[in-house]
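Notes follow the structure.
A short reminder: the numbers here are calculations on the coordinates, not readings from a lab. Because the structure is a prediction, the values reported are computed rather than measured. A quick note on method: Cβ atoms are made from the backbone with ideal geometry, for glycine too, and the neighbour counts reach across all protein chains shown.
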Amino acid sequence: KAVHVLNGPNLNLLGTREPEVYGRETLADIETRLVAAAGKFNVRVTFRQSNQEGDLVTWIQEAGRAGEPVILNAGAYSHTSIAILDAIKGSNAHVIEVHLSNIHAREQFRHHSRLSAAARGVIVGFGSRSYDLALQALLFAPVTGES
Ligand code: DQA
């Protein structure tokens, strides 16, 4: 079994993108840390990023079919995407939604995530550590039947 970390639009720019908001770590830095942390528990991590909404839909469907959990930062699509919401619901994917920034402390249009209602839980505002906390949530508060 694997944990799938899925990242949406503009997260490939982490490290240089608005560092005052998102920090200076790159997505590769976060990946390295998560792979190491999960490895200690013999959990495999796949780490992907796409700027295309449909890629996220497909990857969520695949994870749902495989019965494997997802850590999802859908970026701006979190606020807009009915397609990603439907993918989570329709595939019964076990999704922990993450955001680096505290979306509730930012512009009004970021306060609501369309995905949160279908997520198992949501972790926001801890910078790149939001991902580590999501992994911990999966490892220490798993759903029955998941390994
Ligand atoms: C984000 C928050 C979103 O509002 C924004 O569009 C992003 C990143 C975050 O991780 O803080 O791209 O998801």
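Observations
- Output for the stretch 76-86, where each listed residue is away from the ligand (no atom under 11 Å from the Cβ) and out of contact with any Phe, Trp or Tyr (no Cβ under 9 Å at 6 or more places or on another chain): 81, 82, 85, 86
- Residues satisfying the stated conditions in the stretch 90-115, i.e. farther than 18 Å from residue 9 by Cβ and more than 11 Å from the ligand (Cβ to nearest atom): 90, 91, 92, 93, 94, 96, 108
- Residues that are touching a residue at least 12 places away in the same chain (Cβ under 8 Å) and out of contact with any Asp or Glu (no Cβ under 6 Å at 6 or more places or on another chain) within the stretch 40-51 comprise 41, 43, 44, 45, 46, 48, 49, 50, 51, listed in sequence order.
- Per-region count, the stretch 1-45, residues in contact with a Phe, Trp or Tyr (Cβ under 9 Å, 6 or more places away or on another chain) and assigned to a strand (DSSP E or B): 4
- Unique residue being in contact with a strand residue (DSSP E or B) (Cβ under 6 Å, 6 or more places away or on another chain) and either basic (Lys, Arg) or farther than 19 Å from residue 4 by Cα (or both) when the list is 96, 71, 103: 103
- Residues of the stretch 54-81 that turn out to be surrounded by fewer than 18 Cβ atoms within 10 Å (Cβ to Cβ) and in a helix (DSSP H, G or I), as a count: 9
- Residue list for the stretch 10-30, filter: in contact (Cβ under 8 Å) with a residue 12 or more places away in the chain, farther than 24 Å from residue 137 by Cβ and within 11 Å of the ligand (Cβ to nearest atom): 10, 12
- Among the residues examined, residue 45 does not qualify as more than 11 Å from the ligand (Cβ to nearest atom) and closer than 19 Å to residue 91 by Cα.
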